[in-house]
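Here the structure comes first, spelled out in structure tokens, and everything after it is commentary.
The values are calculated or read from the model by the stated rules, or taken from the named source; none is laboratory data. Note that this is a predicted model, so its numbers are computed, not measured. Virtual Cβ from ideal backbone geometry, glycine too; neighbours counted across all protein chains shown. Calculation scope for accessible area: heavy atoms of the full protein, side chains included, ligands and nucleic acids excluded. Shrake-Rupley method; radii C 1.70, N 1.55, O 1.52, S 1.80 Å.
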Amino acid sequence: MASVSVDEAMRRAIELAARGLGTTSPNPVVGCVLLDADGEVVGEGFHAYAGGPHAEIVALAQAGQRAKGGTAVVTLEPCDHVGRTSPCSTALVQAGVARVVIAVPDPNPVATGGAATLRDAGVRVDLGVRGAEAESGNVAWLTAMRRGWPYVIWKYAATLDGRSAAADGTSMWITSEAARMDVHALRATVDAVVVGVGTVLADDPRLTVRNLRDGSLAIRQPLRVVVDSAGRTPDGARVRDGAARTWVATAAEVGTGPDGGVDLPALLAALHTRGVRAVLLEGGPRLAGAFLAAGLVDRVVGYLAPRLLGAGPAALVDAGVTTIAEAIDLELTDVTQVGPDLRITALPRKREG
Ligand SMILES: NC(=O)c1ccc[n+]([C@@H]2O[C@H](COP(=O)([O-])OP(=O)(O)OC[C@H]3O[C@@H](n4cnc5c(N)ncnc54)[C@H](OP(=O)(O)O)[C@@H]3O)[C@@H](O)[C@H]2O)c1
């Protein structure tokens, strides 16, 4: 087999890492490619689920003796602690790897230190190869670990004139089946789906990840969270159907915020403690407005249907904006047509002061 460059190997490791998206939490996604002393690929691995073997261990097992004198190319700094598995740094040293190339350092205070251990053992360590690319593949986990609360994606569906429901309150379905399938794929990548009690009372959603054609449930379901100050979620609500875990987060349990609702930073901190790293905020307009006003949204995903209603509630309510100078500016990162609808992805720009 022909030899590959470290850069090519890292591109492959990033592809491998992405296969774990949605199943590794509370761990990160990680990919690893092992090259032998001649630069030939002798092992590949990715972290598939929490508690399962780390990417480096999978690749080392494939490589066997051929890892000796070779190079491990890995998307995240190898862990240095004994968790559910033993340290990857030690395993790489014991396998006789001569060089380790890392895309992104590990921000987790418990697991960091792998690079130092490797260097102390005489292994050459290079950091930052395709760092930005690897970072974006792991953005939710890295952001959550650095700041201590989950990465929040606000998803909404609206007509081209920005309505989230018709004047009589009906809202099913604004967007196409193709767009709704896309939402299920997005749900499958997060650890928790969050709605306000207003959405539960109006729409009685299931909030599960399922096949829209036959209704079958995905094996892994995100935690369903209803933000419900006074505990108004009905006993018979579909979110209580047992198809996935559900947390009705009340003010009594989480704390009360300045506007009298559930304290949102405290809610996110509590979710982080439960191992949630990525949250899909699915509405409705009032809860989304409160999250945006508090600067707690990291990414916006809007599905726009080529339809007009001319009346009915807006996709967003009370986001703390009263004049154009206060508008929440977004940077567009992707525009894709999904069936007949548009999916727009954008990042809120950081505000001054
Ligand atoms: N098009 C879409 O993408 C989409 C998505 C979801 C919903 N919807 C539509 O939205 C409508 C429901 O709107 P909604 O605004 O009432 O729903 P919502 O945002 O899901 O729920 C709002 C409720 O959440 C509770 N809440 C608790 N803590 C809060 C906090 N800190 N900030 C804000 N709210 C907090 C409040 O009720 P308590 O005071 O009782 O706690 C509040 O009234 C429905 O017609 C539904 O169809 C549309």
Those residues of region 146-185 that are crowded, with 20+ Cβ neighbours inside 10 Å and of a type in the set (A, V, I, L, M, F, W, C) come to a total of 10
Quick check on region 88-104. Is at least one of its residues away from the ligand (no atom under 16 Å from the Cβ), closer than 30 Å to LEU186 by Cβ, part of a loop (DSSP other than H, G, I, E, B) and open to solvent by 30 Å² or more (accessible area, probe 1.4 Å)?
no
Of those in region 61-70 that are in contact with a Gly (Cβ under 7 Å, 6 or more places away or on another chain) and of a type in the set (Gly, Ala, Ser), the residue surrounded by the most Cβ atoms within 10 Å (Cβ to Cβ) is ALA67
Verdict on GLY83 being open to solvent by 40 Å² or more (accessible area, probe 1.4 Å) and more than 18 Å from GLY128 (Cα to Cα)
yes
Residues located in region 110-136, provided they are in a loop (DSSP other than H, G, I, E, B), of a type outside the set (Val, Ile, Thr) and over 18 Å from THR90 (Cα atoms):
GLY128, ARG130
Could you tell me which residue of region 40-55 is farthest from the chain's Cα centre (by Cα), considering only residues that are small (Gly, Ala, Ser) and either open to solvent by less than 10 Å² (accessible area, probe 1.4 Å) or under 20 Å from VAL93 (Cβ atoms) (or both)?
GLY43
Can you tell me which of ALA251, ALA218, ALA237, ALA178 is within 27 Å of LEU21 (Cα to Cα), modelled with pLDDT of 95 or more and either under 25 Å from the mean Cα position of the chain (by Cα) or within 13 Å of the ligand (Cβ to nearest atom) (or both)?
ALA178
Any idea which of VAL33, VAL29, VAL73, VAL58 is touching a residue at least 60 places away in the same chain (Cβ under 8 Å), crowded, with 17+ Cβ neighbours inside 10 Å and closer than 29 Å to ARG220 by Cα?
VAL29
For residues that are surrounded by fewer than 13 Cβ atoms within 10 Å (Cβ to Cβ) and closer than 24 Å to ALA178 by Cβ, tally how many sit in region 297-332.
3
Could you tell me which of the residues VAL33, VAL42, VAL29 is among the hydrophobic types (A, V, I, L, M, F, W, C) and part of a loop (DSSP other than H, G, I, E, B)?
VAL29
Would you point out which residue out of ARG124, ARG146, ARG130 is touching a residue at least 24 places away in the same chain (Cβ under 8 Å) and within 20 Å of LEU60 (Cβ to Cβ)?
ARG124
List, please: which pairs have Cβ atoms under 8 Å, are six or more places apart or on different chains, and start with a residue in region 257-274 that is more than 13 Å from the ligand (Cβ to nearest atom) and end with one that is part of a helix (DSSP H, G or I)?
ALA270/VAL254; HIS272/ALA144
Answer with yes or no whether THR143 is more than 9 Å from the ligand (Cβ to nearest atom) and part of a helix (DSSP H, G or I).
yes
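Residue-by-condition table, conditions (1) outside any loop (DSSP other than H, G, I, E, B); (2) touching a Leu at 6+ places or on another chain (Cβ under 6 Å); (3) among the basic types (Lys, Arg):
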site: ALA202; (1), (2), (3): yes, no, no
site: ARG206; (1), (2), (3): no, no, yes
site: GLN221; (1), (2), (3): no, no, no
site: ALA230; (1), (2), (3): no, no, no
site: PRO234; (1), (2), (3): no, no, no
site: GLY242; (1), (2), (3): no, no, no
site: ASP259; (1), (2), (3): no, no, no
For region 112-120, check the following and say yes or no: at least one residue is closer than 30 Å to GLY284 by Cβ and open to solvent by 20 Å² or more (accessible area, probe 1.4 Å).
no
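Quick one: how many residues across region 109-166 are among the aromatic types (Phe, Trp, Tyr) and in contact with a helix residue (DSSP H, G or I) (Cβ under 6 Å, 6 or more places away or on another chain)?
3
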Quick check on region 181-200: of everything there that is within 8 Å of the ligand (Cβ to nearest atom) and in a strand (DSSP E or B), which residue is farthest from the chain's Cα centre (by Cα)?
GLY196
Restricting attention to region 281-296, and to residues there that are within 11 Å of the ligand (Cβ to nearest atom) and not in a helix (DSSP H, G or I), which single residue is surrounded by the fewest Cβ atoms within 10 Å (Cβ to Cβ)?
ALA294
Examine region 4-16 for a residue that is more than 30 Å from the chain's Cα centre (by Cα) and assigned to a helix (DSSP H, G or I), and state whether such a residue exists.
no
Filtering region 244-257 down to residues that are under 18 Å from VAL190 (Cα atoms) and either polar (S, T, N, Q) or part of a loop (DSSP other than H, G, I, E, B) (or both), which residue is least open to solvent (accessible area, probe 1.4 Å)?
ALA244
